[in-house]
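This report concerns only the one structure given below.
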Amino acid sequence: MSVEPPRTAERGGTMRVVVIGAGVIGLSTALCIHDRYQPVLQSLDVRVYADRFTPLTNTDVAAGLWQPYLSNPSNPQETHWNQQTFDYLLSHLHSPNAADMGLALISGYNLFHEAVPDPSWKDIVLGFRKLTPRELDMFPDYSYGWFNTSLILEGKRYLQWLTERLTERGVKFSQRKVESLEEVARGGADVIINCTGVRAGELQPDPMLQPGRGQIIKVDAPWMKHFIVTHDPERGIYRSPYIIPGIREVTLGGIFQLGNWSEVNNIQDHKSIWEGCCRLEPTLKKAEIVSECTGFRPVRPQVRLERERLRFGPSNTELIHNYGHGGYGLTIHWGCALEAAKLFGEVLEERKLLRMPPSHL
Amino acid sequence: MEQNGEVTKRSRGCCLNWPGSPQAYAFCFHCSPMDTVRIAVVGAGLMGLSTAVCIPTLVPRCSVTVIADKFTPDTTSDVAAGILIPHAYPGSPSFAPGPCEAIRGLADSHGIIFKEAGSSRPLRPELTLCPDTPVHKQKQWFRETFDHLFSIANSAEAGDAGVYLVSGWQIFRSMPTEEVPFWADVVLGFRKMTEAELKKFPQHVFGQAFTTLKCEGPVYLPWLEKRVKRSGGLMVPQRIEDLWELHPSFDIVVNCSGLGSRQLAGDSTIFPVRGQVLKVQAPWLKHFIRDGSGLTYIYPGTSNVTLGGTRQKGDWNLSPDAEISRDIFSRCCALEPSLHRACDIREKVGLRPSRPGIRLQKELLAQDSRRLPVVHHYGHGSGGFSMHWGTALEAARLVNECAQALGSPAPKSKL
């Protein structure tokens, strides 16, 4: 990726947008904004700046199962964004492109040690029901559970697909480490979309944002057709074994360490994942390990999705934050992209930049 | 040598044991072969191998030899997708119930013999008049098969055996006569599809969702072969033209020759139903989809996805037809558009050994003074994988009955 030279500020109907971050949030927001507003702007220039692109982002590490947390989010809008994302992905399922996007239907099991209330998303997923006694017999450590059909959206494949769509639309990519928002503003950006995920604190301190370190093992186990996610309220979310088949490989996980920035795979974590998952699914003992990696969930009490106005020198730069999606970034990404696009639309209205397409004149 | 407290003819100790396989032995002219029953299983497909595995568990002191012209991966069972969804055999509610027992009884009591037109050979009433397989039997065999494979699927052996769980949908273009089939409580989590789920299939009005098992021939058959060998069984690649070839080397013959029974058992009621399938790469598919008619289906496997299919009665042609392949692909893409991205498409053909009902029956072949007990175990049509373990257990029970009859002083076999 080439480093773009800073542009001089120029006005006259051109909107310059810089998206910082090339994970699922950055790329999907860029696509959403481009498709929504390119037809109604005289000129829209969207660029993506990031120091890491696929396959080195956190999105690439995620297993990709669409599933929100069990408890209701503190911000009720998040439920709506989750739903929007599911519906959007479901609508793409029927096209031949689904596999190109890394998208597929998948059914599976959520397991508990005791009865729990149904989740708020039970009517979003398909065919939600409780597990029957014979099904529970398969999992002797658990006594209650759900079965439902959901979606897999494989991070790596989806990022590649988004990159292709953005490239087709003339969106430019630039590999660079952004040291400050000011640097991007002074470079000529009218609007900055901050999709920097877990490292957003480097650009603007945010005490509510913390890394939720995860480690996963990818194995070759093509006979596994279902996801199995276990829950242990005493240990907390993602700290109990989970098995999530992707398009080709199966992701094994169960690690969540708040505040841990270590990017190195940890042997204790490896053992914990392997033993937990093999106990859950004995057939995995014969599975071959393909890779192992570490990622950092951008944990926050709620997603930061809001505007902020920056002032550097004489001009204003609009900032739209879109980060802090925890372990449910893929699950919520499209709803957040739509919301970010809506906020972008407000900026355009305020600056009176929206125009009717030529055919309406 | 004492056995069960009785001193037998083998007390002279001149029978050899093969090292490491105590159940096989070299034929010795001095000794009566009564203690080790020599069993030949004809056919090395799913039925032959599973019967060969069951027999030693039920029959004390036997040797098992599997003799066939084809072994995996060249059998019919290797072509089948191996998904456990029973098809209706005659005798199930989907077919008109026949007055089986009454007619059979009537014919017997009146000494009625049926002859094929223009032939002096008597027709076998049990083959033609009342061949239905009662529903309760189908359900029993399906349940036995499902439970057996379910425990394998949940064990560390699942990968070696090629057995695993798969969920999916059976969908109908018009309301089926039976909304809840007889096997609904055997599979897992059976329920009707919701409206939201049916949206995926705009041409279909009704559907059933459930979790069942897939048992992959090319992996399961070699695993069965290993089990047969581990209990001392032998595999002999040889084409048998007549069951009498097996006399007197074997005491009991188990006929699992599928379509070969036309010749080997003189059974004209068995006929092929040709099935063509495609095996493709589409690893993102995790669910089976079966159209209620059974003609179109998508079954994801461990190393490929099976797309089907056809049901061509009386067609013996084993070569794939390109036109049919295009049609199968097009029908499956209509159900699952992402299949347009499938690659590495291979064509396969299998001839389902179809019959009005499964033949599970003892027969005592007689020629001059020679006698040869035969247990027939064939004719599963499209339901082989669904029923195989249940029928193999039953076949092994029949073999045991024959073995007991051999052991008694005045052998008197009843059919």
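The values are calculated or read from the model by the stated rules, or taken from the named source; none is laboratory data. None of these values were measured; they are calculated from a predicted model. Please note: Cβ atoms are built from the backbone with ideal geometry, for glycine as well, and neighbour counts cover all protein chains shown. The area values use the complete protein model at the heavy-atom level, side chains included, leaving out ligands, DNA and RNA. Shrake-Rupley method; radii C 1.70, N 1.55, O 1.52, S 1.80 Å.
Laid out as a table, the results:
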quantity: Selection count, region A:305-337, where residues are at pLDDT 95 or above and surrounded by 20 or more Cβ atoms within 10 Å (Cβ to Cβ); calculated: 21
quantity: Selected residue (only one of B:330, B:354, B:319, B:325 is under 20 Å from residue B:46 (Cα atoms) and not basic (Lys, Arg)); calculated: B:354
quantity: Tally, over region A:212-227, of residues that are crowded, with 20+ Cβ neighbours inside 10 Å and within 11 Å of chain B (Cβ to nearest Cβ); calculated: 6
quantity: Among residues of region A:122-145, those that are more than 7 Å from every other protein chain (Cβ to nearest Cβ) and within 18 Å of residue B:168 (Cβ to Cβ), counted; calculated: 3
quantity: Top-ranked residue in region B:339-382 [being open to solvent by 20 Å² or more (accessible area, probe 1.4 Å) and in a helix (DSSP H, G or I); ranked as farthest from the other protein chains (Cβ to nearest Cβ)]; calculated: B:382
quantity: Lone unmet requirement of (1) free of Cβ contacts under 8 Å to residues at least 60 places away in the same chain; (2) crowded, with 23+ Cβ neighbours inside 10 Å; (3) within 23 Å of residue B:271 (Cα to Cα) for residue B:388; calculated: (1)
quantity: Residue check for residue B:205: open to solvent by 30 Å² or more (accessible area, probe 1.4 Å), touching a Lys or Arg at 6+ places or on another chain (Cβ under 7 Å), without any contact (Cβ under 8 Å) to a residue 60 or more places away in the chain and more than 13 Å from every other protein chain (Cβ to nearest Cβ); calculated: yes
quantity: Condition check for residue A:170: at pLDDT below 95, surrounded by fewer than 21 Cβ atoms within 10 Å (Cβ to Cβ), on the phi > 0 side of the Ramachandran plot and away from chain B (no Cβ under 14 Å); calculated: no
quantity: Filtered residues of region B:200-229 (kept if of a type in the set (D, E, K, R) and over 18 Å from residue B:297 (Cα atoms)); calculated: B:225, B:226, B:227, B:229
quantity: Number of positions in region A:74-94 that are open to solvent by 30 Å² or more (accessible area, probe 1.4 Å) and either part of a helix (DSSP H, G or I) or without any contact (Cβ under 8 Å) to a residue 60 or more places away in the chain (or both); calculated: 12
quantity: Any hit, region A:97-111, residues being closer than 26 Å to residue B:146 by Cα, open to solvent by 20 Å² or more (accessible area, probe 1.4 Å) and not acidic (Asp, Glu); calculated: no
quantity: Filter result (among the small types (Gly, Ala, Ser), crowded, with 16+ Cβ neighbours inside 10 Å and part of a loop (DSSP other than H, G, I, E, B)) within region B:143-175; calculated: B:162
quantity: Some residue of region A:174-183 being more than 28 Å from residue A:93 (Cα to Cα), buried (at least 20 other Cβ atoms within 10 Å of the Cβ) and away from chain B (no Cβ under 14 Å); calculated: yes
quantity: Residue match in region A:286-304 (condition: surrounded by 16 or more Cβ atoms within 10 Å (Cβ to Cβ), in contact with a Phe, Trp or Tyr (Cβ under 8 Å, 6 or more places away or on another chain) and farther than 29 Å from residue A:187 by Cβ); calculated: yes
quantity: Failed item, numbered, when residue B:179 is tested on (1) within 10 Å of chain A (Cβ to nearest Cβ); (2) free of Cβ contacts under 8 Å to residues at least 40 places away in the same chain; calculated: (1)
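Quick grid of which residues meet (1) more than 22 Å from the chain's Cα centre (by Cα); (2) open to solvent by less than 10 Å² (accessible area, probe 1.4 Å); (3) more than 14 Å from chain A (Cβ to nearest Cβ):
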| residue | (1), (2), (3) |
| --- | --- |
| B:297 | no, no, yes |
| B:307 | no, yes, yes |
| B:318 | no, no, yes |
| B:324 | yes, no, yes |
| B:330 | yes, no, no |
| B:337 | yes, no, no |
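Per-residue answers, yes or no, for (1) in a helix (DSSP H, G or I); (2) in contact (Cβ under 8 Å) with a residue 60 or more places away in the chain:
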| position | (1), (2) |
| --- | --- |
| A:140 | no, no |
| A:165 | yes, yes |
| A:188 | no, yes |
| A:198 | yes, yes |
| A:201 | yes, no |
| A:206 | no, yes |
